[in-house]
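In what follows, a structure is listed as structure tokens, so that the remarks can point back to it.
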Amino acid sequence: MELIRFENLSLRYGNRVLFKDLNFSIYEGDYFCIAGENGSGKTTLMNAILGMKEPAEGKITKSNDIKTGIGYLPQQKSLQKNFPASVYEVVISGFQKKRGFRPFYNNKEKEIADKNMKRLGILDIKKQSFGELSGGQQQRVLISRALCATDKIILLDEPVTGLDKETTEEMYKIINELNDAGVTIVMISHDASATIRYASRVLHLGNKVFVGTNEDYKKYIRGDK
Ligand SMILES: Nc1ncnc2c1ncn2[C@@H]1O[C@H](COP(=O)(O)OP(=O)(O)OP(=O)(O)O)[C@@H](O)[C@H]1O
Ligand SMILES: [Mg+2]
């Protein structure tokens, strides 16, 4: 099933065109990787999916299933890392949009937050301060948070930045398990080997734009086509 369709999409900041005329779709169950050099517009594309950046031209259509919310793990800036809140508070803030003006989170939301912390193996540290955790633990917290918006699809903007090799592998394993369990993954990555290992389909932004299957991407970066 098609979850997000991009038609003739162009994104721009002022006069600067990041890319134009993109046509592709993201399907249920995809492990969709977005590659491309710094400044090519990967994060901006995610912002457009989330409705935080207006297309200059073309449109993005989301299936009804995901209109109520999309889970998002933002690209990490070191400042956010010291966020003064507990693990639980960070995770449950994933419901903020759904909660609206209700003063408290309801029991169902608390249950789902617990379930997501359990899923990421962080339930036992739920009372700890987010700012005191390791980088890998923080990413688990942020993925648990993203899953509160929906467990249909999550957007991950460079989820392994700053992690050591072992923790990076752990993160990839967790993301892969979520995908196996039916969560559609959209991941921005600078790590070409991980993209080739995990992606079902790839979008590569830059002077030349590629979008296609993993198989075709391998040929593309080898220069076969
Ligand atoms: N709010 C903004 N106002 C103006 N220009 C912006 C804004 N945000 C991003 N840009 C510019 O748009 C371009 C694309 O930025 P974006 O953050 O999408 O790139 P990226 O592919 O995610 O790069 P990176 O790999 O470094 O994260 C950059 O040249 C950036 O300077
Ligand atoms: Mg970025």
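Pairs over the 20 Å Cα-Cα cut-off, from the set LYS53/LYS97; LYS59/LYS219; LYS20/LYS208; LYS62/LYS152; LYS67/LYS152: LYS59/LYS219. When +1 charges are put on Lys and Arg Cβ atoms and -1 charges on Asp and Glu Cβ atoms, the dipole computed for the chain relative to its Cα centre reaches about 580 debye. Each Lys or Arg adds one and each Asp or Glu takes one away; over the other residues whose Cβ falls under 10 Å from the Cβ of ARG140, this sums to +1. From the Kirkwood radius over Cα pairs of the chain, Stokes-Einstein at 37 °C and 0.692 mPa s returns a whole-number translational diffusion coefficient of 180 µm²/s. Amide H to amide H distances under 5 Å link LEU156 with LEU73, VAL186, MET187, ILE188, where only residues 5 or more positions off or on other chains count and H is placed in the peptide plane.
Sites listed here are GluC sites (Glu not before Pro) in segment 47-151 whose DSSP assignment is loop and whose Cβ has at most 14 other Cβ atoms within 10 Å, and the list is empty. The modelled label-to-label distance between ASP21 and ASN106, using points 7 Å beyond Cα along the C-beta direction, is 4.8 nm.
Stretching THR43 away from GLU28 to a fully extended chain increases their span by 3.3 nm, per 0.36 nm per residue minus the current alpha-carbon distance.
Between amide H atoms placed 1.01 Å from N, distances below 5 Å from ALA56 occur with SER10, LEU11, ARG12, all of them 5 or more places distant or on a separate chain. Spatial offset of segment 179-200 relative to segment 17-86 amounts to 14 Å, using the alpha carbon center of each. Residue ranges 7-20, 61-74 sort as 61-74, 7-20 when ordered by packing (mean number of other C-beta atoms within 10 Å per residue, highest first).
Three principal axis extents of segment 158-225 based on alpha-carbon atoms, in descending order, are 34, 27, 16 Å.
Pairs of Cα atoms nearer than 8 Å and 6+ residues apart set the relative contact order; for segment 107-147 it is 51 percent. Farthest toward the positive end of the dipole of segment 103-225, out of THR161, PHE130, GLY212, is the Cα of GLY212, where the dipole comes from beta carbon charges about the Cα centre. Mean residue ellipticity, 222 nm, helices only, the chain: the sum of -39500 (n - 2.57) across DSSP H runs of n ≥ 4, divided by residue count and rounded to 500, is -10000 deg cm²/dmol. Annotation: extensible slack from GLU7 through SER129 equals 39.6 nm (criterion: 0.36 nm per residue apart, minus Cα-Cα distance). Restricting attention to the chain, close to 50% of DSSP beta bridges with both partner residues there are antiparallel. Where the only charges are on Cβ atoms (+1 Lys, Arg; -1 Asp, Glu), what is the dipole of segment 22-91 about its Cα centre, to the nearest 20 debye? In total the dipole reaches around 180 debye. Quotient of the Cα radius of gyration of segment 1-89 and 2.2 N^0.38 Å, N being its number of residues: 1.24.
For the peptides 94-102, 145-153, the ranking by packing is 145-153, 94-102, with the highest mean count of neighbouring Cβ atoms within 10 Å listed first.
Just so you know, all these numbers are worked out from the coordinates, no wet-lab data involved. The model shown is predicted, which means the values in this text are computed figures rather than measured ones. Cβ atoms come from the backbone with ideal geometry, glycine included; neighbour counts cover every protein chain shown.
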